[in-house]
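Just below is one structure, and these are the notes that go with it.
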Number of protein chains: 2
Amino acid sequence: MRLLASTDFALRVLMLLVRAEPGRPVSVEALARELGGLSRHHLHKIVQELTALGVTRTVRGASGGVVLAADPATVRLGALVRRLEGGQALVECFQPGGCACTLLGECGLRGMLREANDDFYASLDRYTLAECVVPAAP
Amino acid sequence: MRLLASTDFALRVLMLLVRAEPGRPVSVEALARELGGLSRHHLHKIVQELTALGVTRTVRGASGGVVLAADPATVRLGALVRRLEGGQALVECFQPGGCACTLLGECGLRGMLREANDDFYASLDRYTLAECVVPAAP
């Protein structure tokens, strides 16, 4: 089982913003540096997605960059990850278009997988974005 | 979040075997027919994996094929799916080799994702392989 690489990186972007001085934008250059392997193109797409979700906003100008648009202590992790995963189907038959599986009429597994999927997100919902960053040991 | 396509198909193979007459091998041809889009090559790999896990065995001969090697009422779904997913890392830093994430020292997210991952499998463990197949309505 795996999350999208874009979800993984989106969570890291948010953690970098949580770690930064509150309200002080972090430049895309600084984010790219911290995220090592991530291309500028992918980073821009991720920031666009986070802004569309209302979690970040972009500040223009010389000292501009990306900043949190929501209090991280109010952002539930499960709801956030669920939205970042968006259209991902856990298995083929969860796709909006369905699938041609011949077992559908006798299938108990779908309901079990749906419960497990919900339990995954409910587990994450016990935490907030703010709790993802713990102070480094001195 | 998604499972491997091979896990999805492995579960369908097992459900087809649960549905079949107990102890009567199902031919690879019949399985391939029921699984529509799946190539014979992939089907062979999946059956090999299930046999290596001790869940199926192969019977040679004219009326040979694949048969369950375990009582499906004793096969816990969570443990089964966890083994089928094997080396899949939920996020990059769960890979055996780790990753170069600069946040590792201040990261609370890893633990939360690990708990959610465990809760997903614990949820599936409430069910057995036998329960995945429900009798078709008459």
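Could you tell me the center-to-center distance, by alpha carbons, between segment B:60-103 and segment A:82-138 in angstrom?
Result: 18 Å between the Cα centres.
Before anything else, pin down the relative contact order of chain A: Cα pairs under 8 Å, at least 6 apart, normalised by residue count, whole percent.
Details: 125 pairs, mean separation 38.5, N = 138.
Answer for chain A is 28 percent.
Work from the charge dipole of chain A (Cβ charges, +1 for Lys and Arg, -1 for Asp and Glu, about the Cα centre) and give the residue of A:Leu35, A:Cys101, A:Leu11 farthest towards its positive end.
In chain A, that residue is A:Leu35.
Sort shortest first the distances from B:Leu104 to its counterpart in every other copy, using label points 7 Å along the Cα-to-beta-carbon line, and give them in nm.
The answer, with the shortest distance listed first, is 4.6 nm.
What does the helix-only formula give at 222 nm for chain B: each DSSP H stretch with n ≥ 4 adding -39500 (n - 2.57), the total divided by the residues, and the result rounded to the nearest 500 deg cm²/dmol?
Details: 5 runs with 60 residues, N = 138.
That calculation yields -13500 deg cm²/dmol at 222 nm.
At q = 0.12, 0.13, 0.14, 0.15 Å⁻¹, what is the base-10 log of I(q)/I(0) for the protein assembly as shown according to the Debye formula with one equal point scatterer per Cα and no solvent? Please give it to two decimals.
-0.80, -0.89, -0.97, -1.06
Using a label point 7 angstrom from Cα along Cα-to-C-beta, what distances in nm, from shortest up, separate B:Gly86 from the other copies?
3.2
At a Förster distance of 35 Å, what's the computed FRET efficiency of A:Ser39 paired with A:Ala137, Cβ-Cβ distance as r, to 0.05?
0.65
Compute the FRET efficiency between B:Arg24 and A:Asp118 as 1/(1 + (r/R0)^6), taking r as their Cβ-Cβ distance and R0 = 51 Å, and round to the nearest 0.05.
0.90
Across bins of 10 angstrom width beginning at 0, how are the C-alpha pair distances of segment A:88-138 distributed, in whole percent?
20, 35, 20, 15, 8, 2
For B:His42, which inter-copy label distances result when the label point lies 7 Å beyond Cα on the Cα-to-Cβ vector, reported in nm to one decimal and in ascending order?
Nearest first, the other copies' label points are 2.4 nm away.
Average projected area of the Cα convex hull of segment B:1-92, in nm²?
Numbers: hull surface 25.6 nm².
Mean projected area of the Cα convex hull: 6.4 nm².
Bear in mind that the values in this text are calculations on the coordinates, not laboratory data. All figures in this text were calculated on a predicted structure; none of them were measured in a lab. So basically every Cβ, Gly included, is an ideal-geometry build from the backbone, and we count neighbours across all protein chains shown.
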